[in-house]
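Chemist: Take this structure, written in structure tokens, and hold onto it; I'll ask about it next.
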Amino acid sequence: MTRGGRYGRGRRHRRAHGTEVVVVTGATAGVGRATARAFGARGAAVALLARGENALDRAAEEVVKAGGRALPLVVDVADAEAVDAAASRVEDELGPIDVWVNAAFTTVFAPVTEVRPEELRRATEVTYFGFVHGTQAALRRMVPRDRGTIVQVGSALAQRSVPLQSVYCGAKHAIQGFTESLRCELLHDRSGVRVTMVQMPGLNTPQFSWVLTRLSRHPRPVAPVYQPEVAARAVLHAADRPERREYWVGGSTVATLLGQKLAPALLDRYLARTGYDSQQTDDPVDPARPVNLHAPVDGAAGVDYGAHGLFDEEAHPRSLQFWLSRHRRPLAALAAAAAVATGAAARRR
């Protein structure tokens with residue numbers, strides 16, 4: 001089922017056909033929350049899909065405060081029919097969908113031997129099949145119009161797995177494979193629909209406070225840690241420039257993915273030594289901590305975790321690597337001009 005109501009009027013983001021219409025899954029926390037707010041700040045009409053009703057309302061209020069319109073919809077992305085029904089409602093109430101952002105996920109922090117079958121199934125249904133359901137719902141509407149953009153929120157772990165996260169890494173690898181197949185099909189059909197993937201670094205999101213864990217110590221993102229707004233800016237950039245098949249965010253993502261290409265066996269040994277401690281704090285896990293695997297915890301009893309997690313003090317508000325990546329063409333032109341000027345000056349001596 002889907003429930004929700006519209007909020008606000010907002011400013012108009014200028015597109016050929018009027019206000020930009022965006023769908024964001026997992027919109028109540030972390031990257032999804034920051035992304036929805038960022039689209040709202042440029043006047044988009046944003047449909048927010050997630051399970052927690054109270055947190056959806058708070059996220060919708062942020063979109064409106066930023067300058068957009070909001071349509072919060074209570075949806076479990078593991079339910080294909082519910083996702084498709086939500087897409088229909090978005091188009092009925094907001095208009096044709098321009099951008100669909102898949103960001104919803106859930107996972108389990110544990111060694112492979114300690115993950116139960118029902119937990120693996122549920123996490124995969126949300127994290128992998130949730131992306132598939134969202135993508136298919138978007139395609140049903142975008143392909144006939146021959147326009148639209150799908151942005152998959154990925155991770156460095158979509159190409160390089162780490163210990164204790166087999167559930168998440170498996171789902172992200174599956175999303176990578178699914179997206180590459182889809183991209184080829186769209187190219188074959190010469191479709192105007194675009195799909196791109198943004199590979200993220202460790203992020204300061206609330207997931208570490210509610211993820212199902214069997215670790216002895218509190219889980220954490222691998223350093224260096226970035227704020228979710230860094231991820232949101234990358235998602236908006238990818239949505240505007242989807243002709244690039246993939247974006248990497250953060251120097252750590254670049255190092256990880258290059259390391260996987262050049263020396264995967266060496267990286268195996270490095271992660272075997274460092275991967276356990278780097279994903280846990282020194283604090284013991286609270287046995288009473290909430291778990292969001294089967295039910296939302298960010299919408300119960302007035303609780304709203306927002307976009308940020310517990311690691312604000314160390315999280316970086318920007319990524320120099322991604323800034324350089326975004327501006328690589330003008331920087332290359334500037335470097336070339338400088339080289340020409342230097343050569344000319346040398347010849348005049």
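The values are calculated or read from the model by the stated rules, or taken from the named source; none is laboratory data. A quick note: this is a predicted structure, and the numbers were derived from the prediction, not measured. Cβ coordinates were reconstructed from backbone atoms using ideal geometry, including for glycine residues, and neighbour counts include every protein chain displayed. Heavy atoms of the whole protein, side chains included, go into the accessibility calculation; ligands, DNA and RNA do not. Shrake-Rupley method; radii C 1.70, N 1.55, O 1.52, S 1.80 Å.
Chemist: Tell me, please, whether a residue that is crowded, with 17+ Cβ neighbours inside 10 Å and part of a loop (DSSP other than H, G, I, E, B) can be found in the stretch 223-233. Walk me through how you get there before you give the answer.
Modeler: Kept after step one, since they are crowded, with 17+ Cβ neighbours inside 10 Å, are these residues of the stretch 223-233: 225-233.
Now narrow it down to the ones that are part of a loop (DSSP other than H, G, I, E, B): 227.
The answer is yes; a qualifying residue exists.
Chemist: Would you mind stating whether Ala339 is open to solvent by 60 Å² or more (accessible area, probe 1.4 Å), part of a helix (DSSP H, G or I) and modelled with pLDDT under 95? Spell out the reasoning first.
Modeler: Numbers: open to solvent by 60 Å² or more (accessible area, probe 1.4 Å): yes; part of a helix (DSSP H, G or I): yes; modelled with pLDDT under 95: yes.
Answer is yes for this residue.
Listed here are the residues, each with its yes/no results for (1) under 16 Å from Leu157 (Cβ atoms); (2) part of a loop (DSSP other than H, G, I, E, B); (3) at pLDDT below 95.
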site	(1), (2), (3)
Leu267	yes, no, no
Arg273	no, no, no
Asp283	no, no, no
Pro287	no, yes, yes
Ala295	no, yes, yes
Glu313	no, yes, no
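Chemist: Given Leu271, Leu320, Leu310, Leu266, which one is aliphatic (A, V, I, L, M) and without any contact (Cβ under 8 Å) to a residue 12 or more places away in the chain? Write out each step before concluding.
Modeler: Numbers: Leu271 fails: without any contact (Cβ under 8 Å) to a residue 12 or more places away in the chain; Leu320 fails: without any contact (Cβ under 8 Å) to a residue 12 or more places away in the chain; Leu310 fails: without any contact (Cβ under 8 Å) to a residue 12 or more places away in the chain.
Only one candidate passes the filter, namely Leu266.
Chemist: Which ones in the stretch 140-157 are open to solvent by less than 30 Å² (accessible area, probe 1.4 Å), among the hydrophobic types (A, V, I, L, M, F, W, C) and either part of a strand (DSSP E or B) or under 7 Å from Val193 (Cβ atoms) (or both)? Reasoning before the result, please.
Modeler: Initially, the stretch 140-157 is screened for residues open to solvent by less than 30 Å² (accessible area, probe 1.4 Å), giving 142, 148-157.
Checking the rest, the ones that are also among the hydrophobic types (A, V, I, L, M, F, W, C) come to 142, 150-151, 153, 156-157.
The answer is Met142, Ile150, Val151, Val153.
Chemist: If you don't mind, another one. List the helices (runs of 4 or more DSSP H) that sit entirely inside the stretch 19-105 and contain at least 2 residues that are more than 22 Å from Pro206 (Cα to Cα) and open to solvent by less than 30 Å² (accessible area, probe 1.4 Å). Step through it out loud before you land on a result.
Modeler: Numbers: elements: 30-41, 53-66, 80-93.
In the stretch 19-105, 80-93 are the helices (runs of 4 or more DSSP H) which contain 2 or more residues that are more than 22 Å from Pro206 (Cα to Cα) and open to solvent by less than 30 Å² (accessible area, probe 1.4 Å).
Chemist: Quick check, is Arg121 in a helix (DSSP H, G or I) and in contact (Cβ under 8 Å) with a residue 60 or more places away in the chain?
Modeler: Values: in a helix (DSSP H, G or I): yes; in contact (Cβ under 8 Å) with a residue 60 or more places away in the chain: no.
The answer is no for Arg121.
Chemist: While we're on this one: For Gln207, only one of the following conditions fails: (1) closer than 24 Å to Pro296 by Cβ; (2) open to solvent by 10 Å² or more (accessible area, probe 1.4 Å); (3) touching a Pro at 6+ places or on another chain (Cβ under 8 Å). What is its number?
Modeler: Failing condition for Gln207: (3).
Chemist: While we're looking at this one, here's another question. From the list Arg245, Arg183, which residue is more than 18 Å from Arg318 (Cβ to Cβ), open to solvent by 20 Å² or more (accessible area, probe 1.4 Å) and over 17 Å from the mean Cα position of the chain (by Cα)? Break it down stepwise before answering.
Modeler: On the way: Arg245 fails: over 17 Å from the mean Cα position of the chain (by Cα).
Among Arg245, Arg183, only Arg183 is more than 18 Å from Arg318 (Cβ to Cβ), open to solvent by 20 Å² or more (accessible area, probe 1.4 Å) and over 17 Å from the mean Cα position of the chain (by Cα).
Chemist: For the stretch 248-265, enumerate the residues that are open to solvent by less than 30 Å² (accessible area, probe 1.4 Å), in a helix (DSSP H, G or I) and of a type in the set (Val, Ile, Thr).
Modeler: Correct list: Thr253 only.
Chemist: I'm told Val115 meets every condition in (1) within 22 Å of the chain's Cα centre (by Cα); (2) under 21 Å from Ile175 (Cα atoms); (3) surrounded by fewer than 24 Cβ atoms within 10 Å (Cβ to Cβ) except one. Can you identify the failing condition by its number?
Modeler: For Val115, the exception is condition (1).
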